[in-house]
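Asks: Just dropping this structure here.
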Amino acid sequence: MNLQALKDELRRRALAARRIAHEAAPDAGERLIDQFPFELLAPGAVVSAYWPLPGEIDPRPLMAELSARGARLALPVIVAPGAPLIFRAWKNGDALEPRAFGLMEPPVDAPELIPDILLVPLLAIDPDGNRLGFGRGYYDRTLAGLRAKGAPVAVGLAHEAQIVPAVPVDAFDQPLDRVVTEERGRVIPEAS
């Protein structure tokens, strides 16, 4: 089986596992707060989050807590197919606009920010931080570009059920630095 077929099969299984986990734990997003490594949060840090799609663990309670602790929040914006994401400022109560793939994004006049911490959605993640998304590569391109200019911390947010033994990867795929679930937070790769 080729790499794309392996990813497609894992994507199918991961979507089902995520849906079941989401239905079983509707409060999982609130429980992320207890597991998040707030020691990463420098004063005035920019944290990029995401507006959840159906079935994704909801980062909004964590976003509220990060904002209360002094973080400046941003949400990702797709500017063009095949281009890296940009991040526009957002705070609770700001308007969002519907975009491609069912995403909600800040309007074009919201200031662009460079994140220090990225909260990244995913379908599956393995103990080495290899992430499986929907296969369009937006986060991989974005992380590669940001890492070439500095060292933002990429934190995957997931249900515990989304952690798998291995995610098939190629040279294009960008691993995450940490993963936070409703049950625990950890550095990647985990210490033995």
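Read-outs throughout are calculated quantities, based only on the coordinates presented, and are distinct from any laboratory measurement. Quick caveat, the model's predicted, so the values are computed rather than measured. Every residue, glycine as well, gets a Cβ built from its backbone with ideal geometry; the counts of neighbours run over all protein chains shown.
Asks: For a bin width of 5 Å, list the pair-distance distribution of the chain built from all Cα-Cα distances, rounded to whole %.
Replies: In whole percents, the pair-distance histogram is 1, 8, 17, 21, 22, 18, 9, 3, 1, 0.
Asks: What size of dipole, in debye to the nearest 20, comes out for the chain about its Cα centre when the only charges are +1 on Lys and Arg C-beta atoms and -1 on Asp and Glu C-beta atoms?
Replies: Taking the Cα centre of the chain as origin, the dipole is about 340 debye.
Asks: Given bins 5 angstrom wide, list per bin the percent of all Cα-Cα distances in the stretch 1-74, short to long.
Replies: Values per bin, smallest distances first: 3, 15, 20, 17, 14, 13, 11, 6, 2, 0.
Asks: Follow-up question, since we're still on this one. Nearest 5 is fine: what % of DSSP beta bridges in the stretch 76-192 come out antiparallel, could you say?
Replies: In the stretch 76-192, DSSP labels about 60 percent of beta bridges as antiparallel.
Asks: Then there is this: Which residue, Gly82, Gly70, Ala24, has the largest displacement toward the positive end of the dipole of the chain when charges sit on each Cβ (Lys, Arg +1; Asp, Glu -1)?
Replies: Farthest towards the positive pole: Gly82.
Asks: Further question on the same structure: Tell me, what ³J(HN,Hα) does each residue in the stretch 86-96 have, in order and in whole Hz, if you take phi through Karplus 6.51 cos²θ - 1.76 cosθ + 1.60 with θ = phi - 60° and put x for Gly and Pro?
Replies: For the stretch 86-96, the Karplus-derived couplings read 10, 10, 10, 4, 8, 9, 3, x, 5, 5, 10 Hz, x marking Gly and Pro.
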